[in-house]
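Notes for the one structure printed next.
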C-alpha cells in the first residue's frame with residue numbers, strides 16, 4: 001500500500017496510523033504534503049517526496065528519498081492500493 005499525502009497538515013490520529021505501517025508499505029508526499037517532510041514521525045516504511053513538488057515549493061532539506069515520474073510508475077507496479085489523504 002502507498003499512502004499519498006497531499007495536504008500540509010494531518011491529524012495526530014493519521015500520524016499514529018503512519019507509525020503502524022510496516023516496511024512493505026510506502027508514504028509519498030505530493031503537493032502541499034511535501035511541507036510535512038520534516039514533521040513526520042519516525043517511520044518503518046519508505047517515505048518518498050515527489051521531486052517536482054518539492055522543487056516548486058522550495059523544499060531542499062529533507063531526509064526522504066526523492067521520487068520522480070519513473071519512481072511513481074515503479075511504485076504503482078509494486079504497491080497496491082494507493083490511499084490518498
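Every read-out reported here was derived from the displayed coordinates using simple, explicitly stated rules and does not represent laboratory data. Predicted, not measured: the structure shown is a model, and the values here were computed from it. Because the Cβ atoms are built from the backbone with ideal geometry, glycine has one as well, and the counts that use them run over all protein chains shown.
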Q. Give or take rounding to whole Å, what are the principal axis extents of the alpha carbon atoms in the chain, in descending order?
A. 30, 30, 19
(Q) Helix-only estimate, please: 222 nm mean residue ellipticity of the chain, summing -39500 (n - 2.57) across DSSP H runs of length 4 or more and dividing by its residues, to the nearest 500. (A) -7500 deg cm²/dmol
Q. When you count, for each residue, the other Cβ atoms within 10 Å and take the mean per peptide, how do 41-48, 73-80, 19-26 rank with the highest first?
A. 41-48, 19-26, 73-80
Q. Separation between the residue 17 and residue 56 pseudo-spin-labels, each 7 Å from Cα along Cα→Cβ, expressed in nm?
A. 2.4
